[in-house]
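Notes follow the structure.
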Amino acid sequence: MNLLKFSFKSAVWSAVLLLLLLSLLTPLSVLSIFFMMIPGVILYASLPVKSFVLHLVPVAIILVMVHPIYLLFMLILILPAIAMGHAYKNQKSALFALMTGAGTMLAEYLLLLLVGSLIFQFDLSSYIKDVVQLTIEPLTNSSSQMINGFVWTPEMTEDIAKQTQLMIPFALVVTSMVMAFITHIIARPILSVMGMNVSKLPPAREWRMPRALIWYYFLALIIEVVSRQNDGSYWKMIAMNLSPLINLGFMIQAIGFFFFLSHARRWNPVIPFLLGAAVFFIGPLRIVGIIDLAFPLREAISKSKR
């Protein structure tokens, strides 16, 4: 009876994987892409390898019947799912599983760009430029320019396209991290219910970034100054991607501090969530993370509490 029940659950997750993959060529892909690894992680972590492969076979057959491109999508997205599921099987920490899944996904993104450019002559720069032009086309309409009181020039379109191209590495890193994080948040409790011992992430109040992040911040400032004095796009690309990543680290540090302070002062549990959300919308709040890294604020608060 338990075997039948378990097999039914596995079949359900195979169906979920199939539906998510089929959504990739629809407008739903904007959201479904972030949940794409969940069924693969659950299937790999909860099944023997042979059973996992057998569950993928019917999914692959249906995808090929619909369109062969879907099989490529499955191969791309199943590898990071296997990486995370393997980490769960081996009782690795939640952070290790997250970094493994995100790193595998990022490596695949980079490999796809390399293969696309070398074999299929895919020009990412031209593609981005076309997308930007299509997106802002309504702004170039003469009637909309008169209504809004400004004139959109081709130079402005070119500038936005260049800025977008330079931010691609940052977008790939963040997308990979968000996909892995969402996968862990949803897959971990499901696997726990299925009887697997999966590590939790540390409580938010314990989130702390390496103190070396402050030195990386100063390095990013130097690179930014160099990029302004240099006409080449190489240093500019580094500056435009390094600074946002470091600021993201400070935001995580600030969120951890707010949760720590709320726990220490026994505030209403809703308050740290509101403050954490505010960090992403109010840029200066990341200064809290910088101060928390530079000075032993948490230790001082703990001592004052005693």
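Using each residue's phi in region 46-58, evaluate 6.51 cos²θ - 1.76 cosθ + 1.60 at θ = phi - 60° and report the 3J(HN,Hα) Karplus result to the nearest Hz, with x for Gly and Pro.
9, 10, x, 4, 4, 5, 4, 5, 5, 6, 7, 4, x
Probe radius 1.4 Å, ligands and nucleic acids left out: which of Lys303, Lys50, Lys129 has the largest accessible area, and how do the rest follow?
Working: Lys303 145, Lys50 170, Lys129 70 Å².
From most exposed to least exposed: Lys50, Lys303, Lys129.
Stretch Leu111-Leu221 to full length: gain in nm at 0.36 nm per residue minus the Cα-Cα span? Show your work: numbers first, answer last.
Values: separation 110, 0.36 × 110 = 39.60 nm, distance 2.99 nm.
Result: 36.6 nm gained on full extension.
Expected output is a single nm value to one decimal: the length gained when fully extending between Glu299 and Val131, i.e. 0.36 nm times separation in residues minus the C-alpha distance. What is it?
On the way: separation 168, 0.36 × 168 = 60.48 nm, distance 4.97 nm.
Between Glu299 and Val131, full extension yields an extra 55.5 nm.
Could you tell me the relative contact order of region 232-306? Use alpha-carbon pairs under 8 Å, at least six residues apart, and round to a whole percent. Intermediate results must be reported in sequence, preceding the final value.
Values: 55 pairs, mean separation 27.8, N = 75.
The normalised contact order for region 232-306 reaches 37 percent.
Pick out which of Gly103, Gly116, Gly85 has the largest mean-square fluctuation in a Gaussian network model of the chain, springs linking Cα atoms closer than 10 Å.
Gly116
Of Met156, Met74, Met37, which has the largest mean-square fluctuation in a 10 Å C-alpha GNM of the chain?
Met156
Round to the nearest 10 and report in Å² the accessible area of Phe122, as given by a 1.4 Å probe over the protein chains' heavy atoms.
For Phe122, solvent-accessible area is about 90 Å².
At 1.4 Å probe size, put Thr26, Thr157, Thr135 in order of accessible surface, largest to smallest.
The ordering from most to least exposed comes out as Thr135, Thr26, Thr157.
Only Cα pairs under 8 Å and at least 6 apart count here; give the relative contact order of the chain as a rounded whole percent. Before the final figure, lay out each step's value.
Numbers: 300 pairs, mean separation 47.5, N = 306.
Once normalised by length, the contact order is 16 percent.
Using θ = phi - 60° and the Karplus curve 6.51 cos²θ - 1.76 cosθ + 1.60, what whole-Hz ³J(HN,Hα) does each residue of region 17-22 get, with Gly and Pro shown as x?
4, 4, 5, 5, 5, 5
Given 0.36 nm per residue, what is the gain on full extension from Ala11 to Met194 after removing their alpha carbon distance, in nm?
On the way: separation 183, 0.36 × 183 = 65.88 nm, distance 1.44 nm.
The Ala11-Met194 span can extend by a further 64.4 nm.
To the nearest 20 debye, what is the magnitude of the charge dipole of the chain about its Cα centre, counting +1 on the Cβ of each Lys and Arg and -1 on the Cβ of each Asp and Glu? Display every interim value, and only then the final one.
On the way: 21 positive and 12 negative charges, 371 e Å.
For the chain, the charge dipole is close to 1780 debye.
Out of [x] 23.1, 71; [y] 23.2, 88; [z] 20.2, 59, which label holds the value of Rg and Dmax of the Cα atoms in Å that was computed here?
The listed entry that was calculated here is [x].
So what is the 222 nm mean residue ellipticity for the chain from helices alone, if each DSSP H run of at least 4 adds -39500 (n - 2.57) and you divide by all residues, rounding to the nearest 500 deg cm²/dmol?
Details: 16 runs with 240 residues, N = 306.
Rounded to the nearest 500, it is -25500 deg cm²/dmol.
Quick check: Cα centre of region 264-306 to Cα centre of region 54-96, how many Å?
Comparing the Cα centres of region 264-306 and region 54-96, I get a distance of 39 Å.
With all protein chains present, how much of the accessible area of region 192-306 (probe radius 1.4 Å) comes from carbon and sulfur, to the nearest whole percent? Don't skip to the answer; put the middle values down first.
Working: 4880 of 7350 Å².
That share works out to 66 percent.
The values are calculated or read from the model by the stated rules, or taken from the named source; none is laboratory data. Predicted model, so just to flag it, every value in this text is computed and none were measured. Positions of Cβ are backbone-derived with ideal geometry, glycine not excepted, and every protein chain shown enters the neighbour counts. Accessible surface is based on the protein model in full, side chains and every heavy atom, while ligands, DNA and RNA are left aside. Shrake-Rupley method; radii C 1.70, N 1.55, O 1.52, S 1.80 Å.
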